[in-house]
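Since every read-out is calculated from the coordinates, none of them should be taken as a lab result. The structure presented is a predicted model; accordingly, all values stated were derived computationally and were not measured. Ideal geometry is used to build each Cβ from the backbone, glycine not excepted, and the neighbour counts take in all protein chains shown.
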Amino acid sequence: MKSIHSEEVRGKVFARPFRLHWIMTSVVVLISSGAIAQARPALKNVAALTTVYRHNSHADIIISRLLLTDMLDGTGKESPLKLVSLYTDQRPANDISRLLAASHRFRIYSNIADTLTLGTGKLAVDGVLLIAEHGDYPRSPTGNTQYPKRRFWDEMIRVFRDSGRVVPVFVDKHLADNWTDAKHIYDTARELKIPLMAGSSVPGSWRHPAVDVGRDADLSEIVIISYGSTDHYGFHALECLQSVVEQRRGGETGVKAVQCVTGDSVWRALGEKRVDPELVQSALGRVSSENQNLPHLRERVKQPILWLVEYAEGLRASVLELNGVATGWAGAWRYRQGGRMESTQFWTQEARPAAHFTLLLNGIERMMLTGKPSWNVQRTLMSSGLLDALLQSCSQNGSRLETPRLEFRYQQNWRWVDPPPPPPSRPWGEQ
C-alpha cells in the first residue's frame, strides 16, 4: 500500500436584499469602538480569491472576520491577518465587496495575478485565502458544483513560480469537486512546499456531548448522520467522518471501496442490518426527536441516501442523509474491544456570527503566522476523493466502486479540543 504525504450557508438563504446601512453601520461601530484608531498592527498581509462576496456567503463569513472582528460587527477579537487585496470571480446584485473595500481600504483587482502581486509583478502578500463557494457555476454529471478552484489555483501557482517564492494557502471546503483536480492541487503544493490547509468548519466545532474517539483506539464501525444538500452538506459529513476515524489505531489506512444506496434500497439495507441499527439510533437521537423505527422514518424521509465506505483494515463507515428527520450532523461509533459505543452531535452556530467559522479561522491564522498547517491537508484530500467517488457511485445506479486511488495512509497531527462556549446568536439577516 502506498503512502501519501460550497452550498448555501448552513442551509440559510439571505432572502432580503442587501441594504447600504449594513455596511455603514459596521463603519460606525468600528469608529465608535475605537477599533480603527487603536487597531493592533497587522502581522501578515493576505489576499483573498473568491467566487462571490455577498452577505452570509463563505467569503463574508470568513474574510469579513479580518475586517469586522470575529463577531462580524466590530465588537470582537481582531485578527492578526490584514486583508490587502481581493479578487471576485462574479459580482451578483447583492455584492458587498465594493462597499467593504471603500470602508476598509483594501484593493479589488480584476485578475488573480494582480491580486497576489498588488500590481507589482511579484508576489507581495504573506498568505492566500482561496474561497470558491457560492455563485452561478455548472454542475458535473455526478451533481457536484464545479467551482473554479483549479483555475484559481493554477493562476496563483504561476505567480508563485514567477516570483520564486510561496506563501501559505487555505482552500475553503474541498480541494476540488473531482479527484483529478484535488490531487493536482495537493501534488503541486507538495512539489513547491506550499503550506496548505483546506476543509470544513464542522470538525473543529462544538460536540454535544463533548466526546471524541480514543486516540489509537480500535474501531469496528461508525455511522454519520447528515442532512441538507447531498454534495455540499455531504462533504461536511465526510469531513466529520474523517476527523473521527483518522484518530484510530494506525491512523488513516486508506479506503478500498465505496457505494451509494438510495431510495427503497436504503430501507432494505437498514432492515437487513447492513448498518448497525444501534449506531443509527444513537447518532440520529443527537439531531432528531423523531420516532426512529423504520416505518416512521420511511414515511418522513422521502429521498434517503446511504453512503457505505470500506476502509483498508476492515473498518466500516456509513453516512445517512435523512432529510425530513435529521436537523444536523451527528456520529456514533463502536469500539471492537467490549463493543462499547459513543455518539455526539457536531454542533454549529446556525446564526451570525456563525462562530464555528471563528474556530476555523483560528487554525488558518496559526498557519499564516507560523508557516505550519494546523491540521493535515490529507484529511481533506481524502474527503474530496470520497465525495467524488460516492457521487460517481450514485450516478451509476449504486454500483460498488473500488477506490485504489484512496488507499493512502496518513497520520493526523490534529486533535479535537472542546472550544469555549459560543457567543450569543444574532439573526442571519443582521450585521
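For the reader, a short list of remarks on this structure follows.
- 3J(HN,Hα) along region 161-171: 5, 5, 8, x, 7, 10, 9, x, 10, 10, 10 Hz, from the Karplus curve 6.51 cos²θ - 1.76 cosθ + 1.60 with θ = phi - 60°, whole Hz, x for Gly and Pro.
- Potential lengthening between Ala351 and Arg98 on full extension [0.36 nm per residue; Cα-Cα distance subtracted]: 88.7 nm
- Value at 222 nm in deg cm²/dmol, rounded to 500, when DSSP H runs of n ≥ 4 in the chain each add -39,500 (n - 2.57): -10000 deg cm²/dmol
- Straight-line cross-link partners of Lys173 among the lysines, defined as a Cα under 27 Å from its Cα and at least 8 positions apart when in the same chain: Lys2, Lys12, Lys44, Lys77, Lys82, Lys149, Lys183, Lys193, Lys256, Lys372.
- For region 356-427, the equivalent ellipsoid derived from the alpha-carbon gyration tensor has semi-axes of 32, 19, 10 Å in decreasing order.
- The trypsin sites (Lys or Arg not before Pro) found in region 295-373 that occupy coil by DSSP, while having at most 16 further C-beta atoms within 10 Å, are Lys302, Arg336, Arg340.
- Averaging the sequence gap over all C-alpha pairs within less than 8 Å and six or more residues apart, then dividing by the number of residues, gives region 274-431 a relative contact order of 20 percent.
- Cα gyration tensor, region 261-308 - rounded (a/c under 1.5), prolate or oblate: oblate
- The stretch between Gln146 and Arg274, if pulled fully straight at 0.36 nm per residue, gains 42.8 nm over its current Cα-Cα span.
- In Hz, Karplus ³J(HN,Hα) per residue of region 87-93 (6.51, -1.76, 1.60; θ = phi - 60°; x = Gly, Pro): 10, 10, 6, 10, 10, x, 4
- Using Cβ point charges alone (K and R +1, D and E -1), the dipole size of the chain about the Cα centre works out to roughly 680 debye.
- A crude spin-label estimate for the pair Leu369 and Ala210, with each label 7 Å from Cα along the Cβ direction, gives 2.2 nm.
- Cα shape, region 180-253, gyration tensor, a/c 1.5 rule: oblate
- Neighbourhood charge, 9 Å Cβ-Cβ cut-off, centred on Val325 and excluding it, Lys, Arg +1 and Asp, Glu -1: 0
- DSSP bridge pairs, the chain: antiparallel proportion in percent, nearest 5: 55 percent
- Listed as lacking a disulfide-compatible partner in the chain: Cys240, by the criterion of no other cysteine Cβ under 4.7 Å.
- Inter-label distance, nm, simple model (7 Å from Cα along the C-beta direction), Arg415/Gln90: 4.3 nm
- Per-pair calculated FRET efficiency, R0 = 45 Å: Lys193 and Asn397 via Cβ, rounded to 0.05: 0.60
- From phi via Karplus (6.51, -1.76, 1.60), per-residue ³J(HN,Hα) for region 65-77 in Hz, x at Gly/Pro: 5, 6, 9, 10, 6, 5, 8, 6, 9, x, 9, x, 7
- Unit charges at the beta carbon, dipole of region 288-423: most positive-side option, Gln411, Ser288, Leu360: Gln411
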